Structures are given as structure tokens and as C-alpha cells.
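Q: Please find one structure pasted underneath; my questions will follow.
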Amino acid sequence: MTTSPTSVPTPLALSIGGSVLTQGNDDAGYIGKLADLLHRLGATRPLVVTTGGGRTAREYIRIGHDLGLTEIELDEIGIDITRLHARILAARLGPPTPARPPATIAEAVSEVHRCSPVVLGGTEPGHTTDGVAALLAVRLRAERLVNATRVDGLYERDPAVDPTARRLDRIGFEAFQKLVHEKSPDRPGQEFVFDRLGADALTRARIPMAIVNGRDLPNLEAALLGREFRGTIVG
Ligand code: UTP
């Protein structure tokens, strides 16, 4: 573990996609084991965790869209769903994790030094929880951000379209940033592996990111601890 000059352990940031948390496949069993891992790691160093909205957020955003709601209203609905996921994970974690997800980055930063791990959902309309996690990683000067997704890394092409596409073990900051800008639509409920705000923030601050399958908990732990893992390193 890396330590800062004052010997305070270096913070870690984790973003967990909503589609990892709720898949309709032993979700409670998974969330329970995930909480045990986060509780253990969060006791040794400041750890912030953002939870995404997944298919539940997309479903409500679609209904709101069909009702003619504005983009800001759709984002606010999405944020509420991400907070619902934060609530359920925080409730299973129990103290010292705050039961109510912090509503802002500033609040999460001030809480994580007292109540690690801290779990939150979204913050501002127009962002995603990946973006929030990246801003937190920069603000906390985190050692790394881990992006726990439902795929096992970044592929050179979409493996669903081209099964011969290879997973990238590593990609540089600028190449990743370019890819995210090409692939991410700028509207509520987007689906690419990461978002523009997050990619820009990590690139500027040179904070590395590990992209892993969040359902493989030993591999997720290895990525969080900076050990060898299966996935993609950005940086
Ligand atoms: P997510 O972060 O879950 O988006 O936020 P996502 O990329 O679909 O992630 P997965 O599928 O969980 O991995 C869901 C929606 O909530 C709104 C946006 O509309 C986003 O698409 N949101 C979320 C915000 O407006 N601001 C935030 O800070 C977070």
C-alpha cells in the first residue's frame, strides 16, 4: 500500500455499475459479499464507492422520456435510482458507513476520512456515477479508480459484434480519452464503459483506472489493491 508523506493511507475510489449490482441473479448474495469486502478494505484506508442505476434507471428514464420530461428531470430520476442502490449497499455495510448517501462530492470527501467506506450515487444532472467516482478520485488524490462493470475489460472492438475482438490489457490516458469521446452519447442513460467527464478528469490528474468485471470479487479485490488482475489498466 502506498502512503502519503504524513503516513495516512492513500484513498481508493470504486465505481460499481448498476448492472453489476442488480442482474436478477443472486443479487442479495452478491451485494452481501461485496459489502464484506468493502467493509474490510474501507477499514484500512479511505474508500469511496459510487453505485450506478443500471437497467432500473434506464427503465424509468425511458418512461419519463415517453412522457416528454426534460433531460434535467430524467437525470434527476436517474440520480434517485443510483441513490437507491447506494442506500441498499450502505444499509448492508452498516456503521461506520453513513446510511444516507452523501449528495455532493464535498460531503463525500469530508465523510470518507471519518466513516470509510462511504457509498453514494449521482450528484449533478448531466453526469454519471462513473464521472462522480472520477471526480472523487481526483479530489481525494486517490491511488487509483476501479471501474467495476459487467464486462471483463475494454475490448479493441465490441465483442458482441465481433467475437474475435481482443481485450486490451492496457491503454494510455489519451487513447482512452479519445475513445470515450467517440463512443459516449451525451444524453441520459448512456451505455459506454465510461463517460467523458470521468475520462477527462482522470487524464488531467493522471490517476490510473482499472476496468474489471465487478461480479468476480477476488479479481475486484486484486484490482483495488493494485495486484495483478484480469481486466484493463487505463494510464
Ligand atoms: P449511471 O451512472 O448509472 O449511468 O446513472 P450508466 O452509465 O447508465 O451506468 P450503469 O448502467 O449503472 O453502469 C444513471 C443515470 O442517472 C443520471 C444520468 O441520467 C445517468 O444516465 N445521473 C447519474 C446524473 O444525471 N448525474 C449523476 O451524477 C449520476
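Throughout, read-outs are computed from the coordinates displayed, never taken from laboratory work. A quick note: this is a predicted structure, and the numbers were derived from the prediction, not measured. Cβ coordinates were reconstructed from backbone atoms using ideal geometry, including for glycine residues, and neighbour counts include every protein chain displayed.
Q: Once fully extended, how much extra length lies between Lys33 and Glu174, figured as 0.36 nm per residue of separation less the alpha-carbon to alpha-carbon distance?
A: Here the answer is 47.3 nm.
Q: Further question on the same structure: Tell me whether segment 30-92 comes out rounded, prolate or oblate; compute the Cα gyration tensor, take square roots of the eigenvalues as a ≥ b ≥ c, and use a/c under 1.5 as the rounded threshold.
A: Judged from the Cα gyration tensor, segment 30-92 comes out prolate (a/c at least 1.5, a/b above b/c).
Q: Turning to a different aspect of this structure: Between segment 61-107 and segment 199-224, how many Å separate their Cα centres?
A: So the separation of the two Cα centres works out to 22 Å.
Q: Also: Using only the Cα atoms of segment 78-131, build the gyration tensor, take square roots of its eigenvalues as a ≥ b ≥ c, and label the shape rounded, prolate or oblate: rounded if a/c is under 1.5, else prolate if a/b is larger than b/c, else oblate.
A: It comes out oblate by the Cα gyration axes.
Q: What distance in nm separates the two pseudo spin-label positions at Arg157 and His181, each 7 Å out from Cα along the beta-carbon direction?
A: 2.4 nm
Q: Of all DSSP beta bridges in segment 77-235, what percent run antiparallel (nearest 5)?
A: 40 percent
Q: Also, I was wondering about something else. Between Arg55 and Arg114, how high is the FRET efficiency from 1/(1 + (r/R0)^6) when r is the Cβ-Cβ distance and R₀ = 22 Å? Nearest 0.05.
A: For R0 = 22 Å, the calculated efficiency reads 0.05.
Q: Here's something else I'd like to know. How much net charge surrounds Pro208 when only the other residues with a Cβ under 14 Å from the Cβ of Pro208 are counted, with Lys and Arg +1 and Asp and Glu -1?
A: +3
Q: Same structure, new question: Could you tally the net charge around Glu156, taking each other residue with its Cβ under 10 Å from the Cβ of Glu156, Lys/Arg +1 and Asp/Glu -1?
A: +1
Q: Suppose only helical runs count, i.e. DSSP H with n ≥ 4. What mean residue ellipticity at 222 nm does that imply for the chain under -39500 (n - 2.57) per run, divided by all residues and rounded to the nearest 500 deg cm²/dmol?
A: The per-residue figure over the chain is -13500 deg cm²/dmol.
Q: Relative contact order of the chain: what whole-number percent is it, with Cα pairs under 8 angstrom and at least 6 residues apart?
A: With pairs under 8 Å counted, the relative contact order is 23 percent.
Q: Quick test of the membrane-span-like rule: which DSSP H helices of the chain reach at least 27 Å along their long axis (C-alpha atoms) with mean Kyte hydropathy at least 0.0?
A: 71-93
Q: Looking at segment 27-78, which GluC sites (Glu not before Pro) are DSSP coil and have at most 10 other C-beta atoms within 10 Å of their C-beta?
A: Taking segment 27-78 and a limit of 10 other Cβ atoms within 10 Å, no loop GluC sites (Glu not before Pro) are found.
Q: Let me ask another. What does the charge dipole of the chain about its Cα centre add up to, to the nearest 20 debye, if the Cβ of each Lys and Arg holds +1 and the Cβ of each Asp and Glu holds -1?
A: Using Cβ point charges on Lys, Arg, Asp and Glu, the chain gives about 740 debye.
Q: Quick one: putting +1 on the C-beta of Lys and Arg, -1 on the C-beta of Asp and Glu, what dipole do you get for segment 134-231 around its Cα centre, in Debye to the nearest 20?
A: 260 debye
Q: Now for a separate question. What net charge do the residues around Ile233 carry, taking every other residue with its C-beta under 14 Å from that of Ile233, with Lys and Arg at +1 and Asp and Glu at -1?
A: Counting the neighbours of Ile233, the net charge comes to +2.
Q: Based on the Cα gyration tensor of the chain, what are the three equivalent ellipsoid semi-axes, each the root of five times an eigenvalue, rounded to whole Å and given largest first?
A: Output for the chain: semi-axes of 24, 22, 18 Å.
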